[in-house]
Amino acid sequence: MFTDVHEIRNGLYVLLVYALLLDKKTESYTNFMAMLIDIYPLSPKTTVVDFESAIYLVLLTQWPNIEHFIFDNPGTAKYSV
């Protein structure tokens, strides 16, 4: 399983990291985000994720007071806080 993290910097969509994970469990995403934040402190204003509920829950826990968008079907987005 893989995951990647991007940011918008100077108007460009930039890949920060591409990671291979053992699975798509919440614990794996939690560990991944902890390691990433240790290396590259993040302070996002918004997150956008696909339909993976595990990563969504990790982001919601890590940054509860920012905008979160989840794409649960191709072409649709739901706003959630």
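Report, by residue number, each residue of segment 9-52 that is of a type in the set (Asp, Glu) and touching a strand residue (DSSP E or B) at 6+ places or on another chain (Cβ under 9 Å). Full working, then the answer.
Of all residues in segment 9-52, those of a type in the set (Asp, Glu) come to 23, 27, 38, 50, 52.
Correct list: ASP50, GLU52.
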As an exercise: evaluate THR47 against (1) of a type in the set (Val, Ile, Thr); (2) loosely packed, with under 14 Cβ neighbours inside 10 Å; (3) within 22 Å of TYR13 (Cα to Cα) and give the number of the one condition it does not meet.
(2)
Selection within segment 1-18 - under 13 Å from the mean Cα position of the chain (by Cα) and either surrounded by 15 or more Cβ atoms within 10 Å (Cβ to Cβ) or of a type in the set (Phe, Trp, Tyr) (or both)
PHE2, THR3, VAL5, TYR18
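A short reminder: the numbers here are calculations on the coordinates, not readings from a lab. Source: prediction; values computed, not measured. Glycine also receives a Cβ, built like all others from the backbone with ideal geometry; neighbour counts cover every protein chain displayed.
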